[in-house]
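Participant: Before I ask anything, here is the structure I am working with.
The values are calculated or read from the model by the stated rules, or taken from the named source; none is laboratory data. Note that the coordinates shown come from a computational prediction; the quantities given were computed from them, not determined experimentally. Quick reminder, even Gly has a Cβ in these numbers, built from the backbone with ideal geometry, and neighbours come from all protein chains shown. The protein model used for the area step is the full one, side chains on, heavy atoms only, and it has no ligands, DNA or RNA in it. Shrake-Rupley method; radii C 1.70, N 1.55, O 1.52, S 1.80 Å.
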Amino acid sequence: MSNTDVDGNPQEPFDLVRYQLDELVLVKLRGAREMKGRLQGYDSHCNMVLSDAVEYIYDLGEEVNSNPTVKKSEMVFVRGDSVILINPIN
Amino acid sequence: MSEVPAQQAVNQQPQQQQGQSGNRLAPKVEDLYLESYAFTTAAAIVGSVDRKIFVLLRDGRNLFGVLRTFDQFANLVIQDTVERIYLDDENSDGTKDKVRRYGEVYRGVFMIRGENVVMMGELDIDTEDDHLQGLEQLPFEVVEKELKERHARKVKEEKLRSKKLLSQGFVNDFVKSDMY
Amino acid sequence: MLFFSFFKTLVDQEVTVELKNDIEIKGTLKSVDQYLNLKLDNISGINETKYPHLSAIKNLFIRGSTVRYVHMDPRSVDCTLLQDASRRGKFLFLFITMASYSLPRDKKVRRTNYITEAVAQSSK
């Protein structure tokens, strides 16, 4: 809370997320999953809604990093307790 | 016994009058209550009271019984509970069985703490046993033993997987108590 | 509260719920509560070998904490509104919740209407 923006308003972690609304984000999730999509909404639990989302599942028994399974969803709600981090991508 | 309805009738009259005299406020208050009640845990479950339901618990147990009461945390009391275990057709050595198996046992009354519920649903009592056709019933102890072995194997596998994933920067989403 | 209100606007729509144990359940969203527990009707698309008894289920109550994703029809989501609500944080959805309590009984009222109303009210 020690950082402030130009207007002197305190800056919080969720301010970063707010700037990503209607932008592409990469969300890292529990269970070796990642979800890329356009951020349409979020709340303080990291619940969020992504549009045109692509999910990558790195769920291969032996070679974890080889080709992930890809799943697409036009509109998806992601429950916050699975979220590890939110990464702005451009 | 015959006096009871008469008493009720007497009691109802003043209430009705009150309702009419306070007509301006009363319906709105009632609406507010009903609209807010519609989206509560209680409202979602209340329709299943005294009906046959199934409950899936976080440890993977399937319980079937009559829902008698519940509260806002989805704590449940179920009567005449039967626990049933379904084994899917995959064996430890990777081969598939020809017939899937199940086992069941009568358990009686259950009080279930809400946090252990994964899902619950109302059963159609006309078709609830249809899915058992084609399944082979075994004694509960046999099926339970097999399931325990499978669970132990899964815990081992997941532990290994967690390690492997972690080394690649991924977090596994597995908790020992979650076997559903 | 935001997503509680959000799910209320999806009532009667078809959704697909993916649980943390990887099973997917398709159904009509019938109710939601403050913990985001969901109630579905007309369910289908369940792993039949692991949960064979679900074919005889009339309605399903799913505890919110076991949900991983909820997939929905993009046409049933007002994105601009949702973004706006997220920017304003919890305050706006207080309005929406209040507005939904005073919803007319007529179920044909488009559910998004009262949200639009709430946005208009809050930006005054």
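Participant: Rounded to a whole number of µm²/s, how large is the Stokes-Einstein D of the range A:14-88 at 37 °C and 0.692 mPa s, given Rh as the Kirkwood radius over C-alpha pairs?
Facilitator: After rounding, the answer is 263 µm²/s.
Participant: Distance in nm between label sites at B:D129 and A:I57, each 7 Å beyond Cα in the beta-carbon direction?
Facilitator: For the pair B:D129/A:I57, the computed spacing is 3.6 nm.
Participant: What number comes out for the charge environment of A:N47, summing +1 per Lys or Arg and -1 per Asp or Glu over other residues with Cβ under 12 Å away?
Facilitator: Local net charge: 0.
Participant: Something else about it: Can you give me the C-alpha center-to-center distance between the range B:147-179 and the range A:12-35, rounded to a whole angstrom?
Facilitator: Here the two parts' Cα centres lie 26 Å apart.
Participant: Given R₀ = 22 Å, FRET efficiency for B:S162-C:E24 by Cβ-Cβ distance, to 0.05? Each step should come with its number before you reach the end.
Facilitator: Working: r = 24 Å, r/R0 = 1.07.
Working from the Cβ atoms, E equals 0.40.
Participant: With all protein chains present and a 1.4 Å probe, how do B:H151, C:H53, B:H131 order by accessible area, largest first?
Facilitator: On the way: B:H151 50, C:H53 0, B:H131 25 Å².
Reading off the accessible areas and sorting them downward yields B:H151, B:H131, C:H53.
Participant: Chains A and C: how much accessible area gets covered up at their contact, both sides added, probe 1.4 Å, in Å² to the nearest hundred? Intermediate values should be presented prior to the final figure.
Facilitator: Working: alone 6320 and 8210 Å², together 12440 Å².
For chain A against chain C, roughly 2100 Å² becomes buried.
Participant: Would you tally the net charge around C:T28, using a Cβ to Cβ cut-off of less than 11 Å, leaving C:T28 out, and scoring K and R as +1, D and E as -1?
Facilitator: 0
Participant: Give the interface area between chains C and B as buried accessible surface, both sides summed, probe 1.4 Å, in Å² to the nearest 100.
Facilitator: Using a 1.4 Å probe, the pair buries roughly 3200 Å².
Participant: Diagonalise the Cα gyration tensor of the range B:41-139 and give the resulting equivalent ellipsoid semi-axes, square root of 5 times each eigenvalue, largest first, whole Å.
Facilitator: 28, 15, 12
Participant: Follow-up. Just list whichever of C:K20/C:K58; B:K163/C:K39; B:K145/C:K39; B:K176/C:K58; A:K36/C:K26 have alpha carbons separated by over 26 Å in the model shown.
Facilitator: Too far apart for the 26 Å limit: B:K163/C:K39; B:K145/C:K39; B:K176/C:K58.
Participant: Here's another thing I want to ask about it. What net charge is computed for the residues neighbouring B:Y106, neighbours being all others with C-beta under 15 Å from the C-beta of B:Y106, Lys and Arg scored +1, Asp and Glu -1?
Facilitator: Here the count lands on -1.
Participant: Could you give each residue of the range B:134-150 its phi-based ³J(HN,Hα) in whole Hz, using Karplus coefficients 6.51, -1.76, 1.60 with θ = phi - 60°, and x for Gly or Pro?
Facilitator: x, 9, 9, 8, 10, x, 4, 4, 5, 5, 4, 4, 4, 5, 4, 4, 4
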